[in-house]
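The values are calculated or read from the model by the stated rules, or taken from the named source; none is laboratory data. This is a predicted model, so every value here is computed, not measured. In this analysis, Cβ positions are derived from the backbone assuming ideal geometry, glycine residues included, and neighbour counts consider all displayed protein chains.
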Amino acid sequence: MKRSQRIAVMLALALGAVGCWPSGCEIFGDDEIDWTGPEDTDYTEYYDECSSPDTCTYYNECLSSGGTIIGEFHCDDGKVCCEDGGGSDGDADSDGDGDGDGDSDADTSTGTGPIECDLGTYSGSFEANSALELAELAGYTAISGWLRIKDCPDCEDLHALTCLESTDSFLTISGNAELTTLEGLGSLETVGGGLSITTNTGELSSLEGLNSLTSVGSSLTVWYNPALTSLDGLDALDEVLGSVSVEWNGALPDCEVCDLLEQLESVAVVNASENLEDDCTPVPDACPEPDAGYDAGPDASTDGGS
């Protein structure tokens with residue numbers, strides 16, 4: 001969440017404390033409250049501003065559809081009041097699904113339709129806490145800093161990142177309860193820092209979607225993903241420059257970790273515990289003899305089994 005959005009939320013909460021928490025699109029209900037906002041703007045006039053043909057929609061949807069934001073404090077759910085957003089179905093688009101995200105399904109995912117990979121490198125780091133924030137990265141092929149996709153309640157897939165080939169720093173995918181797949185990361189080849197996939201408590205059952213990833217510049221961490229049953233998707237990965245830590249994934253067989261270690265050239269530290277016990281427990285001590293290459297190195301360690 002960006003600073004301006006955080007400020008908007010705090011202001012809305014403050015207004016709610018005096019009895020004007022939003023109801024639909026009317027933040028002040030039927031009451032006029034004499035409140036003066038930033039730059040001496042009198043927001044009293046906005047108490048019923050967001051009514052037809054204006055619409056409550058998300059900040060990015062309004063701007064991307066050519067609309068004008070006429071107030072940030074009218075609508076609930078973090079939405080803004082958008083004037084002339086271009087939609088003929090009551091939202092910021094005209095596809096008839098009522099959500100304003102430009103695709104044909106009634107949700108806020110932008111998971112359909114082509115994306116032009118023509119924006120080059122995104123300068124800086126980025127945190128996405130919603131599918132609409134994640135959509136801001138659509139078209140970029142690289143990120144010059146880190147990328148964190150965290151606590152995103154409506155991120156079911158990562159389609160917006162279809163063009164992304166590299167990050168200069170870490171990539172974190174964490175706390176996304178509705179995430180079912182990593183599809184959308186199919187172009188990603190290198191992560192400059194660590195890669196962390198943790199506490200995704202929904203139906204994420206494999207790492208399919210990371211199939212082009214060859215190099216992680218620091219540690220690989222896969223923790224607390226209860227539906228994860230396979231590390232499929234890491235088939236091209238041959239270099240992890242830090243430790244490998246795969247722990248507390250209750251449905252993931254330890255032999256999946258062994259298969260991953262076999263394909264890596266070397267790993268300084270291996271931690272694998274509290275996964276699904278099998279013939280490979282404890283990892284790496286009980287891993288089958290590798291066919292090629294794997295050397296845990298003199299500092300390799302394990303937590304002693306699952």
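Scan region 212-247 for residues that are farther than 22 Å from His159 by Cα, in a loop (DSSP other than H, G, I, E, B) and of a type in the set (D, E, K, R) and jot them down.
Passing the criteria: only Asp238.
Matching residues to (1) in a loop (DSSP other than H, G, I, E, B); (2) under 13 Å from the mean Cα position of the chain (by Cα); (3) surrounded by 16 or more Cβ atoms within 10 Å (Cβ to Cβ); (4) not basic (Lys, Arg):
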site	(1), (2), (3), (4)
Glu127	no, yes, yes, yes
Ile149	no, yes, yes, yes
Cys152	yes, yes, yes, yes
Leu182	yes, yes, yes, yes
Glu203	yes, no, no, yes
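Quick check on this structure: which one of Gly209, Gly250 is assigned to a loop (DSSP other than H, G, I, E, B) and either among the acidic types (Asp, Glu) or within 20 Å of Leu161 (Cα to Cα) (or both)?
Answer to the check: Gly209.
Under 7 Å between Cβ atoms, which residue pairs at least 6 apart in sequence (or on different chains) link something in region 115-139 that is of a type in the set (D, E, K, R) with a partner that is surrounded by 15 or more Cβ atoms within 10 Å (Cβ to Cβ)?
The qualifying pairs are Glu116/Gly139; Asp118/Gly139; Glu127/Arg148; Glu127/Lys150; Glu136/Asn60.
So Thr112 passes all but one of these: (1) touching an Asp or Glu at 6+ places or on another chain (Cβ under 7 Å); (2) more than 21 Å from Asn211 (Cα to Cα); (3) modelled with pLDDT under 95. Which condition number does it fail?
Result: Thr112 fails condition (2) only.
With respect to the numbered conditions (1) out of contact with any Ser or Thr (no Cβ under 7 Å at 6 or more places or on another chain); (2) over 18 Å from Ser166 (Cβ atoms); (3) not hydroxyl-bearing (Ser, Thr, Tyr), which one is the sole condition not fulfilled by Leu185?
It fails just one condition, (2).
Please work out which residue is farthest from Ser243 (Cα to Cα), limiting yourself to region 154-180 and to residues that are in a loop (DSSP other than H, G, I, E, B) and touching a strand residue (DSSP E or B) at 6+ places or on another chain (Cβ under 6 Å).
The qualifying residue farthest from Ser243 (Cα to Cα) is Cys163.
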